[in-house]
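Encoded as structure tokens, the structure appears first; notes follow it.
The values are calculated or read from the model by the stated rules, or taken from the named source; none is laboratory data. Worth saying up front: this structure is predicted, and the values here are computed from it rather than measured. Using ideal geometry, Cβ is built from the backbone for each residue, glycine included, and neighbour counts are taken over all protein chains shown. The area values use the complete protein model at the heavy-atom level, side chains included, leaving out ligands, DNA and RNA. Shrake-Rupley method; radii C 1.70, N 1.55, O 1.52, S 1.80 Å.
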Amino acid sequence: MLKNALLAAASIVLAATGTSTASAQDNAAVKNIVLVHGGFVDGAGWKGVYDILKKDGYTVSIVQNPTTSLADDVAVTKRAIDQLDGSVVLVGHSYGGVVVSEAGTDEKVKSVVYIAAFAPDKGESVSSLIANPPKGAAVPPILPPVDGFLFLDKTKFAASFAADVEPEIAAFMADSQVPWGVAALTGAVTEPAWKSKPSHYLVAADDRMIPPAAQRLMAKRAGSTVVEVPGSHAVYVSNPKAVADLIEKAAAAAN
């Protein structure tokens, strides 16, 4: 009886102040977002997504992971999570999906979001996931490793990674590539976050780095809420609104 009376009183207060139950729930949604970039790039590519999320009232941290090894990248990501007060939605693009799968088991992480990303299972790595590409899939123009690091062929970067990005920006991305450590590709996940946390996945339908068919399979295996949009591997640069919308849906659902 007392519980019912308290609930009724709360409803009257909400109605009197013009605050709906739905808006009260929105106010309780996760407000901390951590963005993790993938291989060959740094965190600057998240600028468009960052701007939208900040405008919408979120606290946003962008991880500058060194992409030298999975262990190093997870450590940097966990430090970013630790610095935030409250619950977190953890977002990864491309190889960043491996990082958030490993780091996302942190108790502060309430949801993980994959943006055209690898979503590995226990014991899997980028190397194992790309070992048997779907028939007819595009082959990323990865050059032979030098001193344990990889680059994409600059002349083919735009077509493979950023086909729908403005040419000047795609050219800059090609010329400002971050060396991707071979050790990062071979780093295996111990216990993927998607097995214990809700997940969302954005499939880039025109991706020529991670085949869309492979993205759909990983998303299905993870039980993710899936959105598919036209876009290259750099969909987070070319279509930040679609990416931000999915992140905000994940945040709202994680409260």
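Normalised by 2.2 N^0.38 Å, where N is the number of residues, the C-alpha radius of gyration of the chain stands at 1.07.
The relative contact order of region 103-159, computed from alpha carbon pairs under 8 Å that lie at least 6 residues apart in sequence, is 16 percent. With contacts taken as Cα pairs under 8 Å at a separation of at least 6 residues, the chain carries a relative contact order of 24 percent. For the chain, the longest piece that avoids every one of the trypsin sites (Lys or Arg not before Pro) found in DSSP loops with at most 16 other C-beta atoms within 10 Å covers 1-121. Accessible surface for region 213-255, divided over its residues, is 43 Å² per residue with a 1.4 Å probe. Report relative contact order for region 28-104 in percent, whole number only (criteria: Cα-Cα under 8 Å, sequence separation at least 6). So the answer I get is 43 percent.
State which entries of Lys110/Lys154; Lys78/Lys195; Lys31/Lys78; Lys55/Lys197; Lys108/Lys154 exceed 29 angstrom in Cα-Cα distance in the structure shown.
Lys110/Lys154; Lys108/Lys154
Heavy-atom surface analysis with a 1.4 Å probe gives the chain a carbon and sulfur content of 58 percent of its accessible area. Over all projection directions, the Cα-based convex hull of region 72-205 averages an area of 9.2 nm². Residue by residue, region 84-96 carries 3J(HN,Hα) couplings of 9, 9, x, 6, 9, 9, 9, 10, x, 10, 6, 4, x Hz when phi is fed to the Karplus relation 6.51 cos²θ - 1.76 cosθ + 1.60 (θ = phi - 60°); x denotes Gly or Pro. Here the sum of -39500 (n - 2.57) over DSSP H runs of 4 or more residues, divided by the residues of the chain, equals -12000 deg cm²/dmol at 222 nm, to the nearest 500. Charging the Cβ of each Asp and Glu at -1 and of each Lys and Arg at +1, and nothing else, the dipole of the chain about its Cα centre rounds to 680 debye.
Amide hydrogen proximity for Phe40: with H placed 1.01 Å from N in the peptide plane, the residues at 5 or more positions away or on another chain lying under 5 Å are Val178, Trp180. Each part reduced to its alpha carbon centroid, region 61-136 and region 183-220 end up 9 Å apart.
Label positions at Thr59 and Thr190, each projected 7 Å from the Cα along the C-beta direction, are separated by 2.7 nm. With both residues required to sit in the chain, DSSP beta bridges show an antiparallel share near 15%. Summing charges over all other residues whose Cβ lies under 12 Å from the Cβ of Gly123, with Lys and Arg as +1 and Asp and Glu as -1, gives -3. For region 236-249, backbone phi angles converted through the Karplus equation (6.51, -1.76, 1.60; θ = phi - 60°) give residue-by-residue couplings of 5, 8, 7, 9, x, 5, 4, 5, 5, 4, 5, 4, 5, 5 Hz, Gly and Pro being listed as x.
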